[in-house]
Amino acid sequence: MTNVKLKNAAWCMMAALLLTACGQTKQQKDSEAAAPTSGNPVFEGWYADPEAIVYGDTYWIYPTYSHPYDEQVHFDAFSSKDLVTWTKHENILDSAAVKWAKRAMWAPSVISKDGKYYFFFGANDVHEGEIGGIGVAVADKPEGPYRDLLGKPLINDIINGAQPIDQFVYNDNGTYYMYYGGWGHCNMVKLNDDFTGLVPFEDGEIYKEVTPENYVEGPFMFKKDGKYYFMWSEGGWTGPDYCVAYAIADSPFGPFKRIGKILQQDPQVGTGAGHHSVIHVPNTEDYYIVYHRHPLNDKDGNHRVTCIDRMTFDENGHINPVKITFEGVPAQTIR
Ligand code: FUB
């Protein structure tokens, strides 16, 4: 070996040692810089009101098919092992399987119990005196096919001014509550064991109004460090100002005192960011918010796409404002 070659070899060895000592080689850094992210929207198509859930080692999203009401007669679902690559499961439920549902099938809420998968949904954009409201379907697998459990709505009537839509089913240590309501009112009810009906609360009431200030629709609940985080959408969903706010309570019954907005439009990225759900990645401190937004310069209220961004907390447990992005989130498998 010539001196020059020897010097080069020594220099290369030193450089390699230095890089290793710093913890990363250039190759590692390059591959990290190029690490794929989900991108936003996370999948193609006009899909709104995304309900995300973890079943086993898989992330699932159940959205509304966001088209004119008369075309909203079916649901698709999406699954992923890593948040980046999504598989579409077509037509997991459609109006052919729900005799009373004619149109406007909206905003799923899903949960598994006793080996079955339940799919709650709204249908018909129901008004006083009409048939429609919140229904429930059931399947043996997350991807369906789902069948109507009751042959009629679970909640048809307008109680406390709340349109029966936008239900969210919450498991509080084995007691299943459902929060629901559009038209600026939110009720909570308690579900029976097989989700075929409602049971009264201890005080005999069946419907409790729990509406927070500015509430419009789209309630969601999760629990962290012993506190109940209650979230909802504000504004009009066809416009740019639609957004998400939240409260923190010591009990699932509230009171839900509004703390502030945490998800809203960014005029550089998208508008009307709202009707969300939250993923807590099991065995981690990582949270993601799954929501819909309008693409920039959108002219059609139904043009809503499903996005995911990171959701973080400050040292007091308050939710930090979410930064909505085009990049979405990096790959994360469930361990
Ligand atoms: O997708 C139909 C309706 O739009 C939902 O029920 C509302 O929450 C709003 O997102």
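Values in this text are rule-based calculations from the coordinates and carry no lab data. Remember, it's a predicted structure, so these values are computed and weren't measured experimentally. We place every Cβ from the backbone using ideal geometry, glycine too, and count neighbours over all the protein chains shown.
Scanning region 42-59 for residues that are closer than 24 Å to Thr271 by Cα, more than 12 Å from the ligand (Cβ to nearest atom), crowded, with 22+ Cβ neighbours inside 10 Å and not β-branched (Val, Ile, Thr) yields one hit, Ala52. Does any residue of region 228-238 turn out to be touching a residue at least 60 places away in the same chain (Cβ under 8 Å) and β-branched (Val, Ile, Thr)? Checked against the condition, which is being touching a residue at least 60 places away in the same chain (Cβ under 8 Å) and β-branched (Val, Ile, Thr), region 228-238 yields at least one hit. Being within 16 Å of the ligand (Cβ to nearest atom), among the β-branched types (Val, Ile, Thr), touching a Gly at 6+ places or on another chain (Cβ under 9 Å) and more than 28 Å from Lys88 (Cβ to Cβ) is not true of Ile165. Listed by first and then second residue, the pairs linking a residue in region 303-321 that is without any contact (Cβ under 8 Å) to a residue 60 or more places away in the chain and under 24 Å from Asp82 (Cα atoms) to a residue that is part of a strand (DSSP E or B) and within 16 Å of the ligand (Cβ to nearest atom), with Cβ atoms under 7 Å apart and 6 or more places separating them unless they lie on different chains, are Met311/Val278; Met311/Ile289. At least 3 residues being over 24 Å from Thr175 (Cα atoms) and in contact with a Phe, Trp or Tyr (Cβ under 8 Å, 6 or more places away or on another chain) is the threshold, and among the strands (runs of 3 or more DSSP E) wholly inside region 205-287 those reaching it are 258-263, 270-280.
For region 262-290, the candidate set comprises residues that are buried (at least 24 other Cβ atoms within 10 Å of the Cβ) and farther than 12 Å from Ala52 by Cα; within that set, the residue that is nearest to the ligand (Cβ to nearest atom) is Gly274. Scan region 213-231 for residues that are surrounded by 19 or more Cβ atoms within 10 Å (Cβ to Cβ) and either out of contact with any Cys (no Cβ under 7 Å at 6 or more places or on another chain) or of a type in the set (D, E, K, R) (or both) and the total you get is 9. Looking across region 130-160, the residues that are under 29 Å from Tyr215 (Cα atoms), part of a loop (DSSP other than H, G, I, E, B) and in contact (Cβ under 8 Å) with a residue 40 or more places away in the chain come down to Lys152, Pro153, Leu154, Asn160. With respect to being within 27 Å of Asn187 (Cβ to Cβ), aromatic (Phe, Trp, Tyr) and touching a residue at least 24 places away in the same chain (Cβ under 8 Å), Phe220 fits the description.
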